[in-house]
Amino acid sequence: MRDLIPLMAGTLATFSTGGAVQPVRTIVPVDPHEAFLGVMPAYLPPRERGGGAAESGEALGLKAVAVYPGNAANDLPTHLATILLLEPPTGALLAVLDGRLITEMRTAAVSAAATDRLARRNARVLAILGAGVQARSHLAALREVRPPAETRVWSRTRAGAERFAAEMRDRFGVSVAVAASAEGAVRGADMVCTVTGSTTPVLEGSWLSPGTHLNAVGAARPDWRELATDAVRRSRLFVDSRAGALSEAGDVVGPIREGAITERHVVAEIGEVFAGRHAGREGDDEITLFKSLGMAVEDVATARFAYARAQDRGIGEEISLE
């Protein structure tokens, strides 16, 4: 996480300043199974340094992610993903990587980078709604930028929240309080992460205190919601991609359709903040919201980084498709 957070900040700065090629992802509904397949390609061109030599930041690849919410009932992951990393000069296949772990880590790293720029410096109370893999990775990532003095978790099942609390105690030696309700977790928190699989709102705007920073990570489809409309309307809204958020993020698309906000409610892409083109938080009483959809540039940059580390350490399995 310590390495990945600045890598994601730099990658999104590149995206938001026109230095990346990434279409809005293609979604293939799998309606009989209430699921969908997303295909996410991206290209990060080499960046020129002052001396003219290309920086080793070039990356090309794609992620295929199958989202099957019903898998949870069968003790299977709800998100199954594979990343193909290609050699940019030739298009040859360099590596096949586990997209589940990369998605888990890069998503939390982006939230942490956003939190570092949007949350108040003295933010110390963290509320997490959801108790799955993203809850775990978000606590790991946020500890790098705003180590919480108090952490609360809420989940639709108390057993899941208690399991999360026990795992975080064993992993980090931190105490996590299990909240009886989402409202109980959120009220008085400085930082809130919604990392649920919910398709209907789990967070009301009236629960948010002035100065709160919110990372909204779930609701990756236009008809899914984690946030009630008033939570979005009260917040200064930052997104990873304007085009993606305005077409896919239910927490943005829904309030627009209701007439509660307009497209201009999006203050900036978070990459514009990372690039120094936008100030981010402008006052201690502002409620800031980073709506994360997740982007292919994050996946290919992380895959390139993982591939380089694997080569340095001599790990990984060599395969041939000949």
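The values are calculated or read from the model by the stated rules, or taken from the named source; none is laboratory data. Only a predicted model underlies this, so the values are computations on that prediction, with no experimental measurement involved. For neighbour counting, all protein chains shown are included, and Cβ atoms are generated from backbone atoms with ideal geometry for every residue, glycine included.
General remarks:
- Filtered by the rule that a residue be farther than 20 Å from R117 by Cβ and either part of a loop (DSSP other than H, G, I, E, B) or touching a residue at least 24 places away in the same chain (Cβ under 8 Å) (or both), segment 232-250 gives R233, A243, S247, E248, G250.
- The residue list A123, A177, A119, A140 contains one member that is modelled with pLDDT of 95 or more and surrounded by 22 or more Cβ atoms within 10 Å (Cβ to Cβ), which is A119.
- Selection count where residues are assigned by TED's automatic domain parsing to the domain that holds G18 and among the hydroxyl-bearing types (S, T, Y), scope segment 293-322: 2
- When the criteria are applied in full, V21 meets the requirement of being surrounded by fewer than 17 Cβ atoms within 10 Å (Cβ to Cβ) and either modelled with pLDDT of 95 or more or among the hydrophobic types (A, V, I, L, M, F, W, C) (or both).
- Residues in segment 111-136 that are of a type in the set (G, A, S), assigned to a loop (DSSP other than H, G, I, E, B) and touching a residue at least 40 places away in the same chain (Cβ under 8 Å): A119, A123, G130, G132.
- Considering residues of segment 214-237 that are surrounded by 22 or more Cβ atoms within 10 Å (Cβ to Cβ) and either farther than 20 Å from D285 by Cβ or in contact with a Lys or Arg (Cβ under 7 Å, 6 or more places away or on another chain) (or both) only, the residue modelled with the lowest pLDDT: A220
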